[in-house]
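**Q** Next up is a structure, given as structure tokens.
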Amino acid sequence: MKTRAKKCMLALGAAILMFTACSDDNTDPATDVYTGKKLARLHYIMYDTPENGYQPIHRYTDEFEWDGDRLVLPSDGDDDHNRRELVYEGNLLVRDERYYDGELYRMRELSYSDGQVSTIKHYRYGHLECTQDFIYGNDGRLQKIISVGDIFSESGNYEETRTHTLFWKDGNIVNIELFRNSPRSGVSTSYQKFEYDNAPNPMRPMALVFLDSHCDGIEMLSKNNVLLEKYWDEWGSSGSRTVYTYDDGYPAKSIRHYDDAPENVHLDSYYEYTDGTGARPE
């Protein structure tokens, strides 16, 4: 892509985000709390590659267990080789520990201010890998996540700063602007755009549990489910669209198609919910 075309793409992205920010009516209070059904299991089936005849090539299931409003067993399960423990103070998650063969290899420490997460520190084998600071607007809604940390690469470690700016509408994150500054690759900006359905998002109460140092999946904070996702930067674009089947107003099945893949390549997800007490169905 020529330099002029790259600049035009970035300018277009910036214009879209500015328009969204100006038209954001924030009709829902930032203190909205999810009180809907809780997920018990998520079953995934990936259909992939023409060489495979578009047959399911990968199946796996995430299991969830709840103690009231607290998620006590995240998807990693609990076995001798791969164990994950969540530590709470009251209903606030303060530590997330991951063990492999009995050794603590990853940990996140969460700090709060006025009941909202203010900082998350990510550790890998005791090394502070990344620190994330959360910045809120006057309405209490999350506006920015600033991440500073060591990025592990084949050429060694280097520090990078990433600033995610979130734009909200009707309780959903509709745009994300990511500004990156690293000594290796310099300065760059990328954009994401989302469209949603009107159904409750059952992943919402687990958003902080699964937030990684790169903020992958930050759109899980939205109150509804993503129908369309678009990503673009100066090098190109990608995206996906998701079709849902609902039961009692909640997602029961979703099929996700990818823009850069054949139509028969897709990820199917099947949702199971608790019985209201936090117990998983048999």
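The values are calculated or read from the model by the stated rules, or taken from the named source; none is laboratory data. Values in this document were obtained by computation on a predicted structure and should not be read as measured data. Backbone-built Cβ (ideal geometry, glycine too); neighbour counts: all protein chains shown.
**Q** I'd like to check something: does region 259-278 contain any residue that is surrounded by 14 or more Cβ atoms within 10 Å (Cβ to Cβ), without any contact (Cβ under 8 Å) to a residue 24 or more places away in the chain and under 19 Å from the mean Cα position of the chain (by Cα)?
**A** No, the conditions are met nowhere in region 259-278.
**Q** In region 193-217, which residues are out of contact with any helix residue (DSSP H, G or I) (no Cβ under 8 Å at 6 or more places or on another chain) and without any contact (Cβ under 8 Å) to a residue 40 or more places away in the chain?
**A** Within region 193-217, the first condition is being out of contact with any helix residue (DSSP H, G or I) (no Cβ under 8 Å at 6 or more places or on another chain), and the residues that meet it are 195-200, 202, 205, 208-209, 212-217.
Glu195, Tyr196, Asn198, Asp216, Gly217, listed by residue number.
**Q** Determine the pairs where a residue that is more than 17 Å from Thr35 (Cβ to Cβ) and part of a helix (DSSP H, G or I), located within region 218-237, has a partner that is among the charged types (D, E, K, R) and at pLDDT 95 or above with Cβ atoms under 8 Å apart, the partner being 6 or more residues away or on another chain.
**A** Listed by first residue and then by second, the contacts come to Glu219/Glu229.
**Q** Hey, can you tell me all the residues within region 173-211 that are loosely packed, with under 15 Cβ neighbours inside 10 Å and either within 12 Å of the chain's Cα centre (by Cα) or of a type in the set (A, V, I, L, M) (or both)?
**A** Hit for region 173-211 is Val187, nothing else.
**Q** Still on this structure: Would it be correct to say that Lys253 is under 30 Å from Arg180 (Cα atoms) and either among the charged types (D, E, K, R) or surrounded by fewer than 18 Cβ atoms within 10 Å (Cβ to Cβ) (or both)? Break it down into steps so the answer makes sense when it comes.
**A** On the way: under 30 Å from Arg180 (Cα atoms): no; either among the charged types (D, E, K, R) or surrounded by fewer than 18 Cβ atoms within 10 Å (Cβ to Cβ) (or both): yes.
Here the answer is no, as Lys253 does not meet what is asked.
**Q** Another one. With respect to Arg162, determine if the residue is buried (at least 20 other Cβ atoms within 10 Å of the Cβ), at pLDDT below 95 and not in a loop (DSSP other than H, G, I, E, B). Before you say what the answer is, go through the steps one by one.
**A** On the way: buried (at least 20 other Cβ atoms within 10 Å of the Cβ): yes; at pLDDT below 95: yes; not in a loop (DSSP other than H, G, I, E, B): yes.
So Arg162 passes the test.
**Q** When the residues of region 71-81 are narrowed to those that are buried (at least 16 other Cβ atoms within 10 Å of the Cβ) and part of a strand (DSSP E or B), which ends up modelled with the highest pLDDT?
**A** First, the residues of region 71-81 that are buried (at least 16 other Cβ atoms within 10 Å of the Cβ): 71, 73-75.
Within this subset, residues satisfying the condition of being part of a strand (DSSP E or B) are 71, 73.
Working: Leu71: 90, Leu73: 79.
Checked region 71-81; the qualifying residue modelled with the highest pLDDT is Leu71.
**Q** Among the residues in region 242-257, are any farther than 30 Å from Arg70 by Cβ, in contact with a strand residue (DSSP E or B) (Cβ under 6 Å, 6 or more places away or on another chain) and in contact (Cβ under 8 Å) with a residue 60 or more places away in the chain? Give the steps one after another, and end with the answer.
**A** Just the residues of region 242-257 that are farther than 30 Å from Arg70 by Cβ, to begin with: 243, 255, 257.
This time we only want the ones that are in contact with a strand residue (DSSP E or B) (Cβ under 6 Å, 6 or more places away or on another chain), so: 243, 255, 257.
Of the ones still in play, those that are also in contact (Cβ under 8 Å) with a residue 60 or more places away in the chain are none.
No, every residue in region 242-257 fails to be farther than 30 Å from Arg70 by Cβ, in contact with a strand residue (DSSP E or B) (Cβ under 6 Å, 6 or more places away or on another chain) and in contact (Cβ under 8 Å) with a residue 60 or more places away in the chain.
**Q** Checking the conditions here, which among Ser213, Ser190, Ser254, Ser240 is part of a strand (DSSP E or B) and within 23 Å of Val148 (Cβ to Cβ)?
**A** Details: Ser213 fails: part of a strand (DSSP E or B); Ser254 fails: within 23 Å of Val148 (Cβ to Cβ); Ser240 fails: within 23 Å of Val148 (Cβ to Cβ).
Going through Ser213, Ser190, Ser254, Ser240 in turn, just one is part of a strand (DSSP E or B) and within 23 Å of Val148 (Cβ to Cβ): Ser190.
**Q** Quick check, is Ile145 modelled with pLDDT of 95 or more, closer than 22 Å to Leu227 by Cβ and either in contact with a Lys or Arg (Cβ under 8 Å, 6 or more places away or on another chain) or in a strand (DSSP E or B) (or both)? Show your work before the answer.
**A** On the way: modelled with pLDDT of 95 or more: yes; closer than 22 Å to Leu227 by Cβ: no; either in contact with a Lys or Arg (Cβ under 8 Å, 6 or more places away or on another chain) or in a strand (DSSP E or B) (or both): yes.
Judged against the criteria, Ile145 is not a match.
**Q** Still on this structure, I have one more. Kindly indicate the residue of region 82-119 that is within 18 Å of Phe64 (Cα to Cα) and in contact (Cβ under 8 Å) with a residue 24 or more places away in the chain and also surrounded by the fewest Cβ atoms within 10 Å (Cβ to Cβ) among those meeting that condition. Lay out the reasoning, then the answer.
**A** Let us first name the residues in region 82-119 that are within 18 Å of Phe64 (Cα to Cα), namely 82-88, 91-93, 95-99.
In the following step, the residues that additionally are in contact (Cβ under 8 Å) with a residue 24 or more places away in the chain were identified as 86, 93, 96.
On the way: Leu86: 17, Leu93: 19, Asp96: 21.
That would be Leu86.
**Q** Then there's this: Looking for whichever is part of a loop (DSSP other than H, G, I, E, B) and within 23 Å of Asn91 (Cβ to Cβ) here; the options are Pro200, Pro205. Which one fits? Walk me through how you get there before you give the answer.
**A** Values: Pro205 fails: part of a loop (DSSP other than H, G, I, E, B).
After applying the criteria, what remains is Pro200.
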